[in-house]
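The values are calculated or read from the model by the stated rules, or taken from the named source; none is laboratory data. Small disclaimer: the values here were computed from a predicted structure and weren't measured. For neighbour counting, all protein chains shown are included, and Cβ atoms are generated from backbone atoms with ideal geometry for every residue, glycine included.
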Amino acid sequence: MVTQLDEAMNPVLDAAGNEIKVPTLQCIEVVFEKILNVAVELAVVVLFIFLVIGGFKFLASGGDPKATESAKNTLTYAILGLVLLIGIWLILNFIQYFTGIEVTVFKIGV
């Protein structure tokens, strides 16, 4: 199976005539894309976990004002994180729509 990283490498012959793959600047594009994908997925998982924790804390507060306030803060920050993620995505898409520049695609060179 050929991966994006394999496609980004240039084949070169060594002294014995064996083909080896040499990384190019396009490899940075692929690695950067993978890192961003993992970061976004991790952010979504953490967001879900904090929503569940906040909900559980709220249910388990039992009317205690301090525990209820702590649960509200957890839920507030989790929802704020969700709004921030969606806001960043919307801003990047608006920039791409109005300027025609692909700001969501990382490319080096022409």
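What to note about this one:
- Phe50 being at pLDDT 85 or above and farther than 30 Å from Phe106 by Cβ: no
- The C-beta contact set for region 43-54 (first residue over 17 Å from Lys72 (Cα atoms), second residue part of a helix (DSSP H, G or I) and of a type in the set (A, V, I, L, M), distance under 7 angstrom, 6+ apart or interchain) comprises Ala43/Leu85.
- Among the residues making up region 81-110, those that are surrounded by 12 or more Cβ atoms within 10 Å (Cβ to Cβ) and assigned to a helix (DSSP H, G or I) are Gly81, Leu82, Leu84, Leu85, Trp89, Leu92, Asn93, Ile95, Gln96.
- Selection within region 51-76 - surrounded by 14 or more Cβ atoms within 10 Å (Cβ to Cβ) and hydroxyl-bearing (Ser, Thr, Tyr): Ser61, Thr68, Ser70, Thr74
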